[in-house]
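In what follows, a single structure is set out as structure tokens and then discussed.
None of the figures in this text is laboratory data; all of them are computed from the coordinates on show. Everything numeric in this text was worked out from a predicted model, so none of it was measured. No Cβ is skipped: glycine too gets one built from the backbone with ideal geometry, and neighbour counts run over all protein chains shown.
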Amino acid sequence: MNGARAPAALAVAVLAASPAWADGPGAGAPAQDYVLHCQGCHGAEGEGVPHKVPTLRATLPLMVTTDAGRDFVTRVPGAASSRLTDARLAAVFNWLVVRFGGPQALRREFTAEEIASGRQRPLAGVRLARDAVAAQLAAAGSPLPGDY
């Protein structure tokens, strides 16, 4: 196997062997895109890195309940600079929200147009923007869990 293909082949092999991602509802392209483009920072189960990378598992379903939260997640550096197309990144977001929050958590699907709009306005102050969304959610009675 040539060296350029080894990381992708390894990621696909890990994906296929992992019970958390294989053969379950929603398995397929969004799950594979998550492994190849998001898992490096957010972890295999969306757990994040304490004090560095927020957990998707505990925060994403809450964040997307507000327009400000949806806007935030499309503009964070990892999403805004992802090599995924707008449509594929929208599919990953939709898949993650359902995976971590259940079908009821996806009140409105992300679209390619929404992703493209966010990418045109990348965040400079990620922490400040996240804190504003967290304050809005807390005021509405849905504080974000965990420590960032």
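Quick look at the values:
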read-out: Hypothetical label at Ala124: residues of the range 73-100 whose amide nitrogen lies under 11 Å (7 Å Cα-Cβ projection); value: none
read-out: Exposure proxy order (Cβ contacts within 10 Å, fewest to most) of Glu45, Glu109, Glu114; value: Glu109, Glu45, Glu114
read-out: Alpha-carbon centroids, the range 113-147 and the range 37-81: separation in whole Å; value: 10
read-out: Summed side-chain charge close to Cys41 - residues other than Cys41 whose Cβ falls under 12 Å, Lys, Arg +1, Asp, Glu -1; value: 0
read-out: Length gained when the stretch Ala105-Val49 is fully extended (0.36 nm per residue, less Cα-Cα span); value: 17.8 nm
